[in-house]
Structures are given as structure tokens and as C-alpha cells.
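Asks: One structure coming up, written as C-alpha cells, with questions to follow.
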Amino acid sequence: MRTGFPDFRLGKVLATSFTGTLSERHGEAVERIPTPHRLIDWLAVNGLAVDSCTAAQLDLARELREAIHAAATAAAIQDALPGSAVQVINDCSAQGRAAAVLTPEGQRRWQLGSASCVEDALSVIAADAISIIAGERDGRLALCASPTCQAAFFDTSQSRTRRWCDMNTCGNRQKKARFHASHRKDSRSAE
């Protein structure tokens, strides 16, 4: 893993984890795939290893990321899906050459060929986005309650009431803010 870059925010759902490569969208945005090599790293961590990535492929990846974010956000608030986002997702899904394989544990995993390229990996991410946005998987799309984040995430909790895209970042930050605000309020009332 290359040093000097923000850590990846890895989730259990590929498509929404991919949208997390740009975080704090409504605050001071953090780009987690600023270079082609960093995209290669992210893909490898997610089981979609490719050998190389060009600047144009990085641009395509970011375009897909933003399309998934826009479509997932619309789905989460039960709004119409943006046509341009749907087109990007569909185009990326259709471009790749990846195969779904069954693991001995009965799980589906995507397998890229030995000569796979970034477009093949992006097709897997797009297909995953299609399955969650279309409602084919057990869970619900939601938006992070952090006012600076508001990332779309796929809630698979039993109650489907999760509030944060990532408890270790957004959730803890909000809990700390509430604690400090409460502590300041208690300090003022004690005076």
C-alpha cells in the first residue's frame, strides 16, 4: 500500500465503498484515489486487481463513482434516478469482461481474467451498483447523517436504521460533537 494517502474506507458493499473514495463531499472533500496507482491499490484491496491504470481510466473511474453516488442518493431519498448517471453505470457495466464465480462457502465473487484492465474492474462495481439500486439485495440505501458527509451507504443492519456510513469516522465525530456540546452546556449552567 502506498503511503502518504488517506486511508481507504472499506465497507461490505463494493459499490458504496467505491463511492467512499471521495468523502466529506459537503465539507472539506477528501479524495482517496488521487492518482492512477491509488486506484490500482483500491481495486486490489477489493479483489479486483489490475496491472495498470492510465489517467483516462482514473477519470472514467471517478465518473462512475459520481454516477453511482448520484443514483444511490436519488434511490435513498426515493427520487427519480438521474438519466446521465444511469447511462454511465449501464455503459460501465456493459464494457467489462468479468465472471461471477461461486466460492466453496456459497458466496458470489467476481473473477477478472489475467489480462484484465480497469474497465473490467469498473464493470463489476457498476454491476454491484445496479443490484443495490434496483433493490435486488437485502438491505436499503440510506444517506449518512453527518452534515459534511451525506454519503450513500447500503444498510444491511437488522433494523435498517443505521445512521452513519462509517461508525469509526462519521459516527464517532458526531458523537464527540454532541458530547462536547453537552459538556459545554453543563459547564455554563454550573456557573
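Asks: If I compute solvent accessible area with a 1.4 Å probe over the protein chains, what percent of it on the chain is carbon and sulfur?
Replies: Carbon and sulfur atoms account for 51 percent of the accessible area of the chain.
Asks: In segment 1-103, with Lys and Arg counted as +1 and Asp and Glu as -1 at Cβ, which of these residues, 61, 37, 47, has the Cα nearest the positive end of the dipole, that is, farthest along it?
Replies: 47
Asks: In addition: With only Lys, Arg, Asp and Glu charged, each at its Cβ (+1 for the first two, -1 for the last two), find how big the charge dipole of the chain is about the Cα centre; round to the nearest 20 debye.
Replies: Dipole about the Cα centre, nearest 20: 880 debye.
Asks: Calculate for the chain the 222 nm mean residue ellipticity that helices alone would give, adding -39,500 (n - 2.57) per DSSP H run of length 4 or more and normalising by residue count, nearest 500 deg cm²/dmol.
Replies: Mean residue ellipticity, 222 nm, calculated: -14500 deg cm²/dmol.
Asks: On to the next question. How far, in degrees from 0 to 90, does helix 118-133 lean away from the longest principal axis of the Cα atoms of the chain, to the nearest 10?
Replies: Value to nearest ten degrees: 60.
Asks: Sorted from largest down, what three extents in whole angstroms do the Cα atoms of the chain have along their principal axes?
Replies: Over the chain, Cα extents along the principal axes are 69, 38, 37 Å.
Asks: How would you rank 99-107, 58-66, highest first, on the average number of other Cβ atoms within 10 Å across their residues?
Replies: Output ranking for 99-107, 58-66: 58-66, 99-107.
Asks: Each label point is 7 Å from the Cα along the Cα-to-Cβ direction; what then is the distance between the points at residue 77 and residue 99, in nm?
Replies: Each label point is offset 7 Å from its Cα along the Cβ direction, giving 4.3 nm.
Asks: Please compute the per residue accessible area over segment 56-117 with all protein chains in place, 1.4 Å probe, rounded to a whole number of Å².
Replies: Spelled out: the 1.4 Å probe surface of segment 56-117, per residue, equals 58 Å².
Asks: Placing +1 on the Cβ of each Lys and Arg and -1 on the Cβ of each Asp and Glu in segment 1-149, which of 17, 92, 116 has its Cα farthest towards the positive end of the resulting dipole?
Replies: Toward the positive end, the furthest listed residue is 17.
Asks: So how far apart, in nm, are the two label points at residue 176 and residue 7 if each is 7 Å from Cα heading toward Cβ?
Replies: 1.2 nm
Asks: Could you calculate the contour length gain from residue 134 to residue 26, that is, 0.36 nm times the residue separation minus the distance between their Cα atoms, to one decimal place in nm?
Replies: Here the segment from residue 134 to residue 26 would lengthen by 36.3 nm.
Asks: Another question about this same structure. So how do 12, 175 rank on accessible area, 1.4 Å probe, biggest first, that is with the largest at the start?
Replies: 12, 175
The values are calculated or read from the model by the stated rules, or taken from the named source; none is laboratory data. This one's a predicted model, so the numbers in the text were calculated from it and none came from an experiment. Quick reminder, even Gly has a Cβ in these numbers, built from the backbone with ideal geometry, and neighbours come from all protein chains shown. These accessible areas exclude ligands, DNA and RNA; they are computed on the full protein's heavy atoms, side chains included. Shrake-Rupley method; radii C 1.70, N 1.55, O 1.52, S 1.80 Å.
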